[in-house]
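Take a look at the structure below.
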Amino acid sequence: MRTTINILGIKFDNVSMDEAVEIGLSLFEKEAKYSIYTPNPEIVMAAYDNKILQNQLNDGALCIPDGIGVVIGSKIIGKPLKERVAGYDFNKNMFERLKNTDKTVYFYGSAPGVAKLAAKKMMEEFKGLNIVGIWNGYEKDNSKVIDNINMLNPDLLLVGLGAPRQEEWISMNMDKINAKVFVGVGGSFDGFAGKVLRSPDIFIKLNLEWLHRLIKQPSRWKRMLQLPRFLIKMLVEGRRYK
Ligand code: UDP
């Protein structure tokens, strides 16, 4: 049984990082296919405005709070989520557990060359991790991507097209793809490849990773305006969601 907390229509699992990883791993042992999403406040607001996206996120087997904003939002309504579970770290923790097993991984998304470099770096960091294929996220012919994934038959498919593109892509294509667990990873491949550096520890510790990102990529400011909008919505109507 999942314990979820409804944040403006998105049901977040109330789990710690360790629990999230255990649930993620348990999905490989089951019959069906599963998706995992890691929304931040920006995506919660996109889903607030787009019910199709909201349903896609809620169809996931695991929904974890990528942003500290979501955790703050849960505190505002008096139903605190255990902790922030950053998608980036979640995926790396999954790699740690999947290395030296029979499970295979595929990276789909990011600019040409990035997924390849990300795969190389992750296989160096997690010796024994079996990344069997990659495809960049700018392929016009979707059937090529699907055919390649199906030929390689990975257990874990990471989709890094940015949100909400990756959520849409996963829910549209899941049926046709021979993979077991699908994860929307946003810009994580850029991070794995070292193209975008993770915030310094002090920013992470103080939960100010979003501020560091804003300083480094000022073009994100417009997207980030969703954060105050999210907090106001949580204050005004957050308690209505059951
Ligand atoms: N991207 C892609 N195909 C597209 C558009 C974007 O593969 O058509 C990739 C982009 O190269 C980047 C990621 O999607 O790696 C989006 O990163 P961003 O940090 O914006 O995503 P977020 O983590 O905020 O969802």
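Close amide-amide hydrogen proximity is noted between residue 15 and 82, 83, each under 5 Å apart and 5 or more residues distant or on a separate chain (H modeled in the peptide plane; Pro and chain starts excluded). Below 8 Å, C-alpha to C-alpha, sequence gap of six or more: please give me the relative contact order for the stretch 129-242 in percent. Relative contact order comes out at 18 percent.
Other residues with beta-carbon under 12 Å from the beta-carbon of residue 19 carry, at +1 per Lys or Arg and -1 per Asp or Glu, a net charge of -2.
The mean sequence distance of close C-alpha pairs (under 8 Å, at least 6 residues apart), as a share of the length of the stretch 73-183, puts its relative contact order at 26 percent. Exposed loop positions in the chain were taken to be chymotrypsin sites (Phe, Trp or Tyr not before Pro) whose DSSP state is not H, G, I, E or B and which have at most 16 other beta-carbon atoms within 10 angstrom. Between these positions, the longest stretch is 1-137.
Before anything else, pin down the relative contact order of the chain: Cα pairs under 8 Å, at least 6 apart, normalised by residue count, whole percent. Spell out each step's value before the answer.
Details: 414 pairs, mean separation 57.6, N = 242.
Here the relative contact order equals 24 percent.
A straight line joining the Cα centroids of the stretch 185-242 and the stretch 45-60 runs 19 Å. For the set 116/216; 92/195; 79/242; 103/140; 82/120, the pairs lying more than 22 angstrom apart at their alpha carbons are 116/216; 103/140; 82/120. The listed residues 71, 196 rank as 196, 71 when sorted by accessible area, largest first, using a 1.4 Å probe. Ordering 164, 134, 107 by Cα displacement along the dipole of the stretch 71-164 toward the positive end leaves 164 in first place; charges were set at the Cβ atoms of Lys, Arg (+1) and Asp, Glu (-1). Only helical runs count toward this figure. For the chain, summing -39,500 (n - 2.57) over DSSP H runs of n ≥ 4 and dividing by all residues gives -13000 deg cm²/dmol at 222 nm. Sequence-ordered 3J(HN,Hα) estimates for the stretch 196-209 from the Karplus curve with 6.51, -1.76 and 1.60 and θ = phi - 60° stand at 10, 7, 5, 4, x, 3, 4, 5, 5, 4, 7, 6, 10, 4 Hz, glycine and proline given as x. The C-alpha atoms of the chain define a longest principal axis, and helix 142-152 lies at about 60 degrees to it.
The values are calculated or read from the model by the stated rules, or taken from the named source; none is laboratory data. Since this is a predicted model, take the numbers as computed values, not measurements. Heads up, the Cβs are rebuilt from the backbone with ideal geometry, glycines too, and the neighbour counts pull from every protein chain shown. Ligands, DNA and RNA are stripped out before the accessible areas are found, and what is left, the full protein with its side chains, is counted by its heavy atoms. Shrake-Rupley method; radii C 1.70, N 1.55, O 1.52, S 1.80 Å.
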